[in-house]
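Below are the structure tokens for one structure; questions will follow.
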Amino acid sequence: LGYSCTIRYSEFLLVLPVVFAALLNLRATWKSAIGSLSLLVAWAIPVGALALVCWIAFGSPTKTGYTYCNEDTGFGWKYLTGAWEDRDLTGNWETLVTQVNRIGLFVMWPIALAGLMGMIGSAWRLGVTMALWVVPSMVLYLLYYWAPGGDTTTGYLRFYVTVMPGLIFAGVWLLDRALSYV
């Protein structure tokens, strides 16, 4: 999960389920503490390597190529809603729902959302871990400038590639529970 952050910086949000899993693993034993610390260190190794490269190339571990082209400022509520000062565009929420439902996960999208909710209620540790994987990235890209015009190409889905396995897992989890009652 740390490696994915080196490809798209916003994937730094994937640290949230890692930290949650490490906290869940903490107990009164040294073995569990070492396991939690190992998980966090393993996540941080590729991120630390990227920070070192940015430090050498740009003079600071927090500066990236995005800093120099103002890409890091392309987030805002207007992209979510489509309500701009001078025009009215399709909001990213509509683009997300349309593209993920029709092209990305088709029928699995609503099942996955229901599965995620059910998982939080039924198996809270797993559900919260999955929610920390899926929800922050989805919210972040709903606020991103990339498709405020209701772009109908599949390019917008690339931002959600890292959360789709989590959504599929949640949907399959729900289907498995439903089939166990049949």
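Here, each number is a calculation from the coordinates, and none is a lab measurement. The model shown is predicted, which means the values in this text are computed figures rather than measured ones. In this analysis, Cβ positions are derived from the backbone assuming ideal geometry, glycine residues included, and neighbour counts consider all displayed protein chains.
Here is a list: L16, L23, L40, L52. Which entry is of a type in the set (A, V, I, L, M) and in contact (Cβ under 8 Å) with a residue 40 or more places away in the chain?
From the options L16, L23, L40, L52, the qualifying one is L16.
Hey, can you tell me all the residues within the stretch 19-75 that are of a type in the set (F, W, Y) and surrounded by 14 or more Cβ atoms within 10 Å (Cβ to Cβ)?
F20, W43, F58, F75
Another question, then. Can you confirm whether the stretch 9-30 contains a residue that is small (G, A, S) and within 17 Å of the chain's Cα centre (by Cα)?
yes
Condition first: under 18 Å from F12 (Cα atoms) and either over 23 Å from the mean Cα position of the chain (by Cα) or without any contact (Cβ under 8 Å) to a residue 12 or more places away in the chain (or both). Now tell me which residues in the stretch 55-71 satisfy that.
Result: W55, S60, P61, T62, K63, G65, T67, E71.
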